[in-house]
Amino acid sequence: MIIFLYIVFSVYSYVTRDQVRFYEVLDGNIVRQEQYTGVAIREEEAVDASSSGYIHYFIQDGRRVAAGSNVYMIDETGALEAYLKDHPELTQEMSGEQVSDIRYRLSQFSQTFRNSNFSYLYDVKFSLDATAMEYTNISNAQDLDSVVSEIGINYSQVHADKAGVVSYSVDGKEGLTPDAVTADIFSMNGYKMNITKPGSLIEGGTPAYKIITSSNWYLVFPVNDELKEKYQDIHKVQVYFPEKDVKSDAQLDIYTAADGNNYGKLYMKEFMEEFCNERFVQFSIITNNKRGLKLPLTAITQKDFFIIPKDFMVINPDGSTGFNRQIVAEDGSGTTTEFVESEIYRIDDQYCYVTVPESQDQAGVRLNDFVIKPGMESGTDGANAYHVGPVKSLQGVYNINRGYCVFRQIVPIEQNNEYVIVEKNTDHGIAVYDHIVMDASLVSDGQLVYQ
């Protein structure tokens, strides 16, 4: 019966008490990102069709072309268009991998789409149109020449005047410069991206494609007064593109355009080809990326310590540390000193951080004690005596590697709503794979904890 009652009591105590959970310290980081939509500005120009007719491309969208290379051909009568329909082997068919790529893009879009950002729907549509066109171009111009010449079909081939990247997405803003950017551009009122598809009828003098002659490009985005002040002295940032899941370093400048508004200008040297058929690009500026030991905020606590100048510390030959405390005789006839061993938690360039005794039975200096410099005469005046009283709180966590709570100091460098990043390799700190208490409010220093 006694054993049964003991078991019942133990089970009841275990169930009703606060459960102390532990957390294993791991390496991690906290990234802060600010999301924006910018207008892409490139060294580009639209190239008009040389004549009217049905257009067929030789160069895939987003690919580089050398000066003098074939870009497209014009079939003025439509005979070639009819012949290609009867002979689909001359055009590329989408492979299973290409079809899967388009399906994946649609799936990603459906998962991230928000009604508040409805204009992004058109960006995705234009991007998919360009991708589909890229996958279905004429496979080989030489093969086509050898076939159609035999049956007497006449067509004209058009060559590139300049070397660069070809894109078939034309929106009329190819001559846009950073100074010409206005707030109306970002409203996208009346904005339209024209994509000329292979085999479609095009009129002479209308844009057939655009040529981008430099890999360097800009992203311009509006900034308010708060952002202007924030980024005014920051000139190098890291940019993240969620659509492509890529990062790039960029140079950031804040300037005032001709319309009097402030804008941020990101100068980049990478990924121009990936965004050559997009005018409005969503991106994030990574303002902070701190790495260290990642801890939950609930594990953080504070502990008070007496701060005593380290000149007053005494180190005995046996290795014990403490202070010389002044003792006043009961009759007031004089003072003496005695060595008081104290637990010194840490020492910096100026102070000793001394554990505050929790009870009168615990050894160590106490509040309102006077300590004397080693080798100096006793007294409460001058620089040779120090009145124990000032305390300083240190942030830390409870380490439970040994089965009981031991306070370990931390040095936070970044935090969010759930976690904090602290420095590695600090004195009296923690290390990777240490076990700490998940909720510091449930325990106290020195408490026995079963993991």
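The values are calculated or read from the model by the stated rules, or taken from the named source; none is laboratory data. Source: prediction; values computed, not measured. In this analysis, Cβ positions are derived from the backbone assuming ideal geometry, glycine residues included, and neighbour counts consider all displayed protein chains. The protein model used for the area step is the full one, side chains on, heavy atoms only, and it has no ligands, DNA or RNA in it. Shrake-Rupley method; radii C 1.70, N 1.55, O 1.52, S 1.80 Å.
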Percent breakdown of C-alpha pair distances by 10 Å bin, ordered from the shortest bin, for the range 36-76: 21, 45, 24, 10, 1
Given the whole protein assembly as supplied and a 1.4 Å probe, what does the accessible area of V443 come to in Å², nearest 10? 20 Å²
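How big, on average over all directions, is the shadow cast by the Cα convex hull of the range 218-330, in nm²?
Values: hull surface 67.0 nm².
Value for the range 218-330: 16.7 nm².
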For Cα Rg over 2.2 N^0.38 Å, several values are listed as [x] 1.64; [y] 1.01; [z] 0.93; flag the one computed from this structure. [x]
Which value at 222 nm does the chain reach when only helices count, each DSSP H run of 4 or more adding -39,500 (n - 2.57), with the total divided by all residues and rounded to the nearest 500 deg cm²/dmol? -5000 deg cm²/dmol
Leaving out same-chain residues fewer than 8 places away, which lysines sit with a Cα under 20 Å from that of K265? K173, K228, K230, K236, K247
Between H387 and H159, with labels modelled 7 Å along Cα→Cβ, what's the label distance in nm to one decimal, could you check? 9.5 nm
Can you tell me the dipole magnitude for the chain around its Cα centre, using point charges on the Cβ only (Lys, Arg +1; Asp, Glu -1), in Debye to the nearest 20? 700 debye
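If packing is taken as the average number of other Cβ atoms within 10 Å across a peptide's residues, how do 72-79, 278-285, 227-234 rank, most packed first?
Values: 72-79: 18.0, 278-285: 20.6, 227-234: 13.6.
Ranking the peptides 72-79, 278-285, 227-234 by packing returns 278-285, 72-79, 227-234.
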Listed residue pairs exceeding 29 Å between alpha carbons, taken from K269/K294; K125/K269; K192/K290: K269/K294; K192/K290
Taking a crude spin-label model, label points 7 Å out from Cα along the C-beta direction, the D318 to R32 distance in nm is 5.2 nm
